[in-house]
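Below is one structure, written out as structure tokens; comments come after it.
Nothing in this text is a laboratory measurement; each read-out follows from the coordinates by a stated rule. Note that this is a predicted model, so its numbers are computed, not measured. All Cβ positions, glycine included, derive from the backbone under ideal geometry; neighbour counts span all protein chains shown.
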Amino acid sequence: MDKLKIAIASDHAGLEMKEDLKEFLLGIGVEVVDMGVNDDKSVDYPDYGIPLADRVSKGEVPKGVLVCGTGIGMSILANKFKNVRAALVNDVFTARMAKEHNDANILVIGGRIVGKGLAREMLKTWIDARFEGGRHQTRLDKITELEKKNHK
Ligand code: RB5
């Protein structure tokens, strides 16, 4: 089986969490595309979230992880992109549902909100979960229709 490839990016507020999640992903055999930030100097989260969401949107990487202080800014921007379904999660159940029901292709985590252990568990849960399709696909199709109208 091909190695899973995941892009990861953060702002300064999510840097420590990004580095920890990157180490975790490498440890479980995932190919990681680190899209910054690389130091804790204050930056604007869109400068790091936009390039990652763009790559996921274009299908260049199948999955992405975004981290900022709360996760809110990163999720707002990521969901502006066509084909992106970004889910901000703070617990393991939501992380599983984000894949099973919403087929989320970007997981967003608040580096100032959750601890590293929980963040790792949420990430692993999302990676291992499978989209259930069926009625959930019908619902996603309605969102895709809306996206098509908005991106004309
Ligand atoms: C940065 O201070 C903070 O605003 C940012 O990391 C994020 O939480 C925005 O949503």
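For the pair GLU100 and PHE131 in one chain, pulling the backbone fully straight at 0.36 nm per residue adds 10.8 nm over the alpha carbon distance.
For THR138, THR144, what ranking results if the residue with the fewest other Cβ atoms within 10 Å of its Cβ goes first?
Numbers: THR138 9, THR144 14.
With the sparsest Cβ surroundings first, the list reads THR138, THR144.
For region 67-152, divide the Cα radius of gyration by the Kirkwood radius and give the resulting Rg/Rh value with two decimals. Value, to two decimals: 1.00. Put simply, when 65-74, 120-129 are sorted by average Cβ atoms within 10 angstrom per residue, most first, you get 65-74, 120-129.
From the alpha carbon centroid of region 88-146 to that of region 26-60 is 18 Å.
Segment ILE72..ILE143, full-extension length gain: 23.5 nm, with 0.36 nm per residue of separation and the alpha-carbon distance subtracted. Checking the a/c ratio against 1.5 first, then a/b against b/c, what shape does the Cα gyration tensor give for region 1-75? Note, shape of region 1-75 comes out oblate.
Rg/Rh for region 5-131 to two decimals, with Rh computed the Kirkwood way over all alpha-carbon pairs. Intermediate values should be presented prior to the final figure.
Details: Rg = 12.6 Å, Rh = 13.8 Å.
Rounded to two decimals, Rg over Rh is 0.92.
The HN-Hα couplings worked out from phi for region 78-88 by the Karplus form 6.51 cos²θ - 1.76 cosθ + 1.60 (θ = phi - 60°) are 4, 6, 7, 8, 4, 6, 9, 10, 9, 10, 7 Hz, whole numbers, x standing for Gly and Pro. Treating r as the C-beta distance of ASN150 and SER42 and R0 as 25 Å, the FRET efficiency rounds to 0.20. Taken along the Cα-to-beta-carbon direction at a fixed 7 Å, the label points for LYS82 and ASP2 span 2.1 nm.
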